[in-house]
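Note sheet for the following structure.
Each reported figure results from applying straightforward, stated rules to the coordinates on display, with no laboratory input. Quick caveat: nothing in here was measured; it's all calculated off a predicted structure. Note that we place each Cβ from the backbone using ideal geometry, even for glycine, and neighbour counts take in every protein chain shown.
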Amino acid sequence: MLGFIFKRLLQSILVMLAVAFITFGLFRFVGDPVNNMVGQDTTLEEREELREQLGLNDPFVVQFARFTANAMRGEFGQSYSLRIPVSELLRERLPATLELSIISAILALVLGMPMGIYAAIRRDSWLTKLFLTSSLVGVSLPTFLIGILLILIFGVMLRWLPTFGRGEVVYLGWWSTGLLTVSGLKALILPSITLAIFQMTLIMRLVRAEMLEVLRTDFIKFGRARGLGNRALHFRHALKNTLIPVITITGLQLGSIIAFSLITESVFQWPGMGLMFIQAIGNADIPVMAAYLVLIAFIFVAINLIVDILYVRVDPRLRVSGGKK
Amino acid sequence: MSLLEIKDLTVEFPSRRGIFVAVEQVDLTINPGEILGVVGESGAGKSTVGNAVISLLQSPGRVANGTIHLKGERIDDLDEELMKAVRGKRIGMIFQDPLTSLNPLETVGAQLIETIQLHLKFNDKDARARAIDLLTQVGIPDPDTRIDHYPHQFSGGMRQRVVIALALCSDPEVVIADEPTTALDVSVQAQILELLKKLCEERNVGMMLVTHDMGVIAETTDRVAVMYRGKLVELGSTEQVLKNPQHDYTKSLISAVPRPDKRIHRFPLVTYIEDAHDSKDDLDIASHWLGKTRDYEKVEGPLLSVDNLHMRFITKHAFFKRNEQYLDAVKDVSFDIQQGEVFGLVGESGSGKSTVARMITGIYHPTGGAVNFAGANLTQISNQKELNHYRRQMQMVFQDPFSSLNGRMRVEDIVAEPIHFHKQTSSNSEARAIVHDLLEIVGLGAQAARKFPHEFSGGQRQRISIARALATRPRFLVCDEPTSALDVSIQAQILNLLKDLQEELGLTMLFISHDLPVIRQMCDRVGVMRHGQLLEVAQTETLFETPQHDYSKHLLELMPKFEGPALAS
């Protein structure tokens, strides 16, 4: 088990180095950083001096090593457009995105799993048909449209919920949270539902399909022949066997919720990393883009590592390498 | 009063095309301590009877008529809640495939304890003690530690023992065993059957043993019920039914079972099975395209000789060679096959017999050793064109008729593919004519050409496979368990077909099977394999009469002894 984790960790480090390399390429090949930093009337000598200062004249390998070392400490330099350190910017934006994504992932799981199980067990009930039909809508409507519709209904027409921003936030150390204030919670509702709907329908359909598959297997039939009740069969034997693919997809989805919440964030003007990234692209703010890329890659790698470990927890067949007793 | 009494049972499966009657007016009784065999071919409805007893019919099946009494108490009309108390508690069930009968994510102990507590309301400690006790009874060594192992840590035979332990959790009065040994090797099969017999005797349990295997019936059961198309055609003591069958179907079924005790020239045809028309005799194969123009080199001595063939599979890859783990699937195997000879390879699963076949036909590249075919060492030839020249002369028929044909291709195209690949004819129309003749020869008829594989039964598909193998005009045919997925009557047809073709075309054959009676009927010489090694090679009759190696003796001993009625011919 430890050896397995170690191996996965090594692979993760390799992936991160590759990402760092690509990101570093951004600095080297997209525009000249000195040009971005100085004004029109700086002389050539001053520019050269700045280059020397920033270490841009050092060999490629040295620069890459320096970039990697800095990135590991969370240092990505100064934002070109906002003139504040990127690390500070990240610290400010990260909690907003994480809160939004994790809440919506939980929402998707908590609603999607039971719906999927229900749809698999009661295949012909009218509720199942309703779930399946409405899930089609959830899958096929683009996120931004759902967001705009929700804003229109609950924000503009009913005026129940705020349509943008995070509301009031409370600081716990450097972490800003909207979970502890009423306005913060209210502000969270619409964007998290918008973000959750697609994931929820996906999880529901996946759980249903897997569960139907498992319910057809011999060991369920054998369990029934031993007199086991429906509850034990469905929730003890079938559900656990359903989980393996669900874990994979949920893990990947959580990654993409965090990484690609930008659409939802721009619709709701949510002050998270997605919004920051879009603005950074607009301003060609390379340090911010680089930091964002590295961070997202890190989140994906971390989630995959957790998923791999969860696999081994759930499935005993993977536990002993070599397999044989 | 009998333990289980099935009266006038009719099971129907309503479908869009009308009602399919799977079981029709079946009367059966089981007495305490008795094993009742239910035998028949696939689709005969024998499993449906078992499922109806514990009312687990596959939807939309329903019991349309009849009654089932357990110790005088009617159980077929119980509602789901009351039935749950019967299932597992009073009637235990054992299924065919031990590999899929257990939940892979829970320890066997957890599954046993769950079932014990469900029926007997034991506390955790007592339930565990009983679980260990049950594992001991079914003969699992070291049950104290094994109880916490997961199903994948047990071998197939051991898993089937766990399944039996699960079925016995609460001392059921009746056990229904649905093909309990079909997925197992002969030696394991013998142990499991022995165990089932012992349990019936000791616990006075009545057992319904559903199987298609006459050998199992002969070895284990007290009485036999023969089913044909949902109807019970014969019921009597095992001795009487096997020695002196009354019904025509039973007679033909028994005559189709390969005899272990004596070699006969051909299997009597089972007249009771449809699609059983024999290959067309009006086609003279030898003078046909298939028999003619066989532009092969003349060979002196053996057609195929295998020298020190070795195959090593890497089971665990590692960066350093010394950390790799591997399995030697075939170890230094050598044998010759003479021209026109049928050479058999026999052994249990994992003995490496299929691997040998795959190395000979070039699916695997051997780790060591040589395959000499028609005077050329195939492992040395690297020129693809030259290799194809030899590959064309050897063809293979695979075990599973369902996965060995491409479901998206028409039969015509499947059979014609090797003809085109090896550029056997120049024109499409000629190829088509050949395909039609081939389909006639294997007994399918030319009208089969336009159909897709899924429109055929298992036996018919195997005929398609044979037609495909013959399409390149091979002189050497490798048959890897060609009939083990088929019913006995179908098996008899396919074996007859292979025998005919072998004689008429003078084919040389490598015939692989785990089934000793089949080997006896088909082969001139036999090699016995175990753990990748070839232990003994002998003339078939010599092997069966006076086996030399201990393992061969062991295998022959385990072979279910089924001696049919005295042959009339």
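Using Cα-Cα distances under 8 Å and only pairs 6 or more residues apart, what relative contact order does region A:182-325 have, in percent?
22
Subtract the Cα-Cα distance of A:E168 and A:N230 from 0.36 nm times their separation in residues, and report this length gain in nm to one decimal. Don't jump to the answer; show the numbers that get you there.
On the way: separation 62, 0.36 × 62 = 22.32 nm, distance 4.72 nm.
Computed gain between A:E168 and A:N230 is 17.6 nm.
Compare the Cα positions of B:I381, B:S47, B:I116 along the charge dipole of chain B (+1 at Cβ of Lys, Arg; -1 at Cβ of Asp, Glu; about the Cα centre) and return the one farthest towards the positive end.
Value: B:I381.
Just want the answer: with Cβ charges of +1 for Lys and Arg and -1 for Asp and Glu, which residue in A:L318, A:L100, A:W175 is farthest toward the dipole's positive end in region A:90-318?
The residue sitting farthest along the positive end of the dipole is A:L318.
May I ask you to order B:53-59, B:14-20, B:186-192 by the average number of other C-beta atoms within 10 Å around their residues, highest value first?
Result, highest mean first: B:186-192, B:53-59, B:14-20.
For the pairs B:K423/B:K499; B:K197/B:K243; B:K7/B:K198; B:K89/B:K561, flag any whose C-alpha to C-alpha distance is greater than 24 Å. Could you put the intermediate results ahead of the total?
Values: B:K423/B:K499 28 Å; B:K197/B:K243 22 Å; B:K7/B:K198 28 Å; B:K89/B:K561 34 Å.
Where the Cα-Cα span goes over 24 Å, the pairs concerned are B:K423/B:K499; B:K7/B:K198; B:K89/B:K561.
Compare the peptides B:334-343, A:2-11, A:195-204 by average per-residue count of other Cβ atoms within 10 angstrom and give them in order, highest first.
Highest mean packing first, the order is A:195-204, B:334-343, A:2-11.
Name the aspartates and glutamates eligible as straight-distance cross-link partners of B:K451: C-alpha to C-alpha under 18 Å, and not fewer than 8 places from it in the same chain.
B:D275, B:E412, B:D413, B:E417, B:D437, B:E440
Would you mind giving the mean number of other chain beta-carbons within 10 Å of the Cβ of each residue in B:141-152, as a whole number?
Values: counts 0, 0, 0, 0, 1, 1, 0, 0, 2, 6, 3, 9.
The shielding value for this peptide is 2.
What fraction of the DSSP beta bridges in chain B is antiparallel, stated in percent and rounded to the nearest 5?
55
Got a sec? Charge dipole of chain B, +1 on Cβ for Lys and Arg, -1 for Asp and Glu; which of B:T367, B:I494, B:V356 is way out at the positive end?
Checked the options; the winner is B:T367.
Reachable aspartates and glutamates from B:K46, Cα under 12 Å, same-chain residues fewer than 8 places away excluded?
In chain and number order, the partners are B:E24, B:D178, B:E179.
Can you list the lysines whose alpha carbon sits under 30 Å from that of A:K129, skipping same-chain ones fewer than 8 residues off?
Candidates past the 8-residue exclusion: A:K221, A:K240, B:K84.
Note the full-extension length gain between B:R203 and B:A85 as 0.36 nm times their separation in residues minus their Cα-Cα distance, in nm to one decimal.
Details: separation 118, 0.36 × 118 = 42.48 nm, distance 2.01 nm.
Between B:R203 and B:A85, full extension yields 40.5 nm more.
Helix-derived [θ] at 222 nm for chain B: sum -39500 (n - 2.57) over DSSP H runs of at least 4, divide by residue count, nearest 500? Please report the intermediate quantities before stating the final value.
Numbers: 19 runs with 192 residues, N = 569.
Taking each H run of at least 4 residues, the total per residue is -10000 deg cm²/dmol.
Find, among the trypsin sites (Lys or Arg not before Pro) in region A:84-175, those assigned to loop by DSSP (not H, G, I, E, B) with at most 13 other beta-carbon atoms within 10 angstrom.
On the way: sites: A:R91, A:R93, A:R122, A:R123, A:K129, A:R159, A:R166; in loops: A:R122, A:R123, A:R159, A:R166.
Sparse-neighbourhood loop trypsin sites (Lys or Arg not before Pro): A:R122, A:R123, A:R159.
In nanometres, what is the gap between the two model label sites at A:D218 and A:R319, each 7 Å from Cα along Cα-to-Cβ?
Between A:D218 and A:R319, the label points sit 2.3 nm apart.
If the only charges are +1 at each Lys and Arg Cβ and -1 at each Asp and Glu Cβ, what is the size of the charge dipole of the protein assembly as shown around the Cα centre, to the nearest 20 debye?
Computed charge dipole of the protein assembly as shown: roughly 1580 debye.
Take every residue in peptide B:161-171, count the Cβ atoms of other chains within 10 Å of its Cβ, and give the average of those counts. Walk me through the intermediate numbers first.
On the way: counts 0, 0, 4, 0, 0, 4, 3, 0, 2, 2, 0.
Mean partner shielding for this stretch: 1.
When you look at the Cβ of every residue in B:103-115, what mean number of other chain Cβ atoms sits within 10 Å?
4
Roughly what would the spin-label model give for A:V110 and B:D77, points 7 Å off Cα along C-beta, in nm?
4.9
Would you give the gap between the C-alpha center of region B:65-133 and the C-alpha center of region B:328-406, rounded to a whole Å?
Measuring centre to centre over Cα atoms gives 47 Å.
Helices from chain A with mean Kyte-Doolittle at least -0.5 and a Cα length along the axis of 30 Å or more, per DSSP H: which?
Membrane-span-like by this rule: A:2-29, A:86-121, A:182-215, A:286-314.
I need two numbers for the protein assembly as shown: Rg to one decimal and Dmax as a whole number, Cα atoms only, in Å.
Reported Rg and Dmax, both Å: 34.9, 115.
Given points 7 Å out from each Cα along the Cα-Cβ axis, report the A:R83 to A:V312 separation in nanometres with one decimal.
Taking the simple label geometry, A:R83 and A:V312 are separated by 5.1 nm.
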